[in-house]
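What follows is a set of notes on a single structure, which appears directly below.
What follows draws every value from the coordinates through simple rules; no lab data is involved. Computed from a prediction, not measured in an experiment: that's the story for all the values here. Glycine also receives a Cβ, built like all others from the backbone with ideal geometry; neighbour counts cover every protein chain displayed.
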Amino acid sequence: MPTVLIRLAAVAAGIVTALVELLFLVLAGLAAAVARPRVRPVAERYALRLVAAEQRRLAIATGTPAPAPLTGSGPRVYAYLAARIVPALMAALTVGLLLVGCWLAAIVVVAVATGTMSVPDALLQVILGGALLAGNLQAILGVARLDRWLARRLLEESSREALRQRIDELAASRAEVIAAVDDERRRIERDLHDGLQQRLVTLGMLLGRARRSHDLDKTRDLLAQAHADVQRAVEEMREVAWRVYPSALTHSSLDEVLTMVAQRSTVPVKIDYTLPVRPGRRIETALYFVACEAMTNAAKHARATVITIAVGAAGTGVEMVVRDDGVGGADPDGTGLHGLARRVAALDGRFAVHSPPGDGTELRVELPCE
Amino acid sequence: MRIVLAEDSTLLREGLVRLLADEGHEVVAAVPDAGQLLTAVERDRPDVVITDVRMPPDNTDDGLRAALQVRRQWPGTAVLVLSQYVEKRYAAQLLADRSDGVGYILKDRVAHVEDFLEALDRVAAGSTALDPEVVQQLLSANGNDPLHALTPREREVLHHMAQGHTNAAIAARLHVSQSAVEKHVNTIFDKLDLSHVTGYSRRILAILRYLGA
């Protein structure tokens, strides 16, 4: 019996909350009309709080566990709050009838006590009143179910839809990441075979020639050449290793590592780093790869004379813009840039290439911070 | 000897030109892709063609296809193919009808200058040069019973034979007399049931066929 009373109270409370919600919607609408951009996030926060309270109330009213709290927001939340007027009116009607029934029951009790009503009449009233009470209680619980259905329809299905969309996104970005990793490996294989291996084979040839030569001067020349080749092989090797993973990021911050890379660049690089705290390692690594690719492209293909790299905070995330003054016309679907776009997408970031022919190239990366 | 060289890496191409010049060979053309290779062969009619497998325009097996065409079109021209990694299919294609004047070696082998020059000499002289690693793969992939009947020494001799070495060269490498090598060779051919095959180059081809190349 107390459970029914609690549920009844929860449904009755829904009338009050609907009034609060109506008031909120009116106020939020007025505020939005006056100061549009600033009021929106505040209004949404309160709307979500109201929804959370509603869901707790509905859990009590229908005796079911409360759903997971809503994280997303948007027009559906406001639509739900507005639509609550319907169950609230029905609740007012049914609960009102209950109160009227109680009042009538009190009159019957008083009449029996004072002897103005005969016992058979009173019994008839009890039977009639009991039937009406049962019907009324059913109606009240029906209102709770309607209220619950409305919430499910307008709120949970939208969040389910969002989840499904998120899963699709994740599956796509996971496949993209695997493809990007494979592309990257292919590039490294090419770097090793076309660069380092050729250099080492040539080195072996030089030393072989030196050993077979009977002319002392020539032998000396060949050895000097071989020595220079070893230096170059070591440099090449370091570059390939860095392309595999910038191990310097384990002990240095992104700006230090970028400065190091910039020093080796053939095109002058200006770095403007304004992040107050280090972002996560994954973010630093992604930004590093984008910056390196941009520097390589600017030097190799764009014939740029200067590169600027700006890294700073943007909202709750990080933004990096790499710009050069080269020939532009970079292909965003080329292996290099496409690989970077996939890497950024995997971190829920945004990647944009702006490279009109003849007017430099700009890469813009935005990454949310964990 | 007169050589046409095709290799897309400038570094390696220049290195090879110098090495071959040191050895007194004449590199009549050194080109970076398969198309230019065929043009140069047609124009210069070299004794030997040395070509890389992976080259422009397609960067797949363009060099190998050019080598096969050279072998068909100019049978007198010896061909030495350099490969980034062992691909038995390539070796099989090169040895499809005859094993004379053809070589297939790993690019890394070029760094072992002596081995490379020796392979080049062998190919130019009309015999075969197969990279030891290719032979190793053929031998290990081959599960034929008669191979198991070979003694370790005979397997060693077979390994060298399949690379294209002559009996005399095998004898020198294994530090045994030439007649000892000849005896091993006869036993091998008996055990593999190939004793009816005569002649050096046909014997090498028979061995490679047997191994499935």
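Below are the figures for this structure:
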quantity	calculated
At least 30 Å along the helix axis (C-alpha) and Kyte average at least -1.0, DSSP helices within chain A	A:2-34, A:36-62, A:85-114, A:119-151, A:157-190, A:216-244
Over chain B: helical MRE at 222 nm, DSSP H runs n ≥ 4 each giving -39500 (n - 2.57), nearest 500	-16000 deg cm²/dmol
Straight-distance crosslink candidates among lysines, where the alpha carbon sits under 21 Å from A:LYS270 and sequence neighbours closer than 8 are dropped	A:LYS300
Rg and Dmax of the stretch B:18-62, Cα atoms only, in Å	11.4, 33
Dimensions (Å) - the stretch A:177-273, Cα atoms, principal axes, largest first	57, 32, 25
Chain A, relative contact order [Cα under 8 Å, separation at least 6], %	11
Exceeding the 27 Å Cα-Cα cut-off - candidates A:LYS218/B:LYS107; B:LYS107/B:LYS183; B:LYS88/B:LYS191	B:LYS107/B:LYS183
Magnitude of the charge dipole, the protein assembly as shown, Cβ model with Lys/Arg +1 and Asp/Glu -1, debye to 20	1980
Rel. contact order, % - alpha carbon contacts under 8 angstrom, at least six apart, the stretch A:225-361	20
Cα extents of the protein assembly as shown along the three principal axes, largest first (Å)	141, 64, 42
Kirkwood-based Rg to Rh ratio, chain B, C-alpha trace	0.98
Kirkwood Rh, angstrom, the stretch B:135-213 [1 / mean 1/r, Cα pairs]	12.4
Against the rule of thumb 2.2 N^0.38 Å, how large the Cα Rg of the stretch A:118-254 comes out	2.86
Binned Cα-Cα distance frequencies in the stretch A:262-370 - 5 Å width, integer %	2, 13, 25, 24, 19, 11, 4, 0
FRET efficiency, A:ILE6 to A:ALA313 (Cβ-Cβ, R0 35 Å, nearest 0.05)	0.10
Inter-part distance where the stretch A:121-136 and the stretch A:307-370 are each reduced to a Cα centre, Å	75
Relative contact order (%) - criterion: Cα under 8 Å, at least six apart; region: the stretch A:60-175	48
Rh (Kirkwood; distinct C-alpha pairs) - the stretch A:184-235, Å	11.8
DSSP-defined beta bridges in the protein assembly as shown - what % are antiparallel, rounded to 5	45
Ellipticity estimate at 222 nm from DSSP helix runs (n ≥ 4, -39,500 (n - 2.57)) divided over chain A, nearest 500	-24000 deg cm²/dmol
Descending semi-axes in whole angstrom, ellipsoid equivalent of the stretch A:89-179, from the Cα gyration tensor	58, 10, 7
Centroid-to-centroid separation of the stretch A:180-199 and the stretch B:1-34 [C-alpha atoms, Å]	24
Kirkwood-based Rg to Rh ratio, the stretch B:16-131, C-alpha trace	0.92
Pairwise centroid distance, computed over Cα atoms, of the stretch B:72-121 with the stretch B:144-185, Å	21
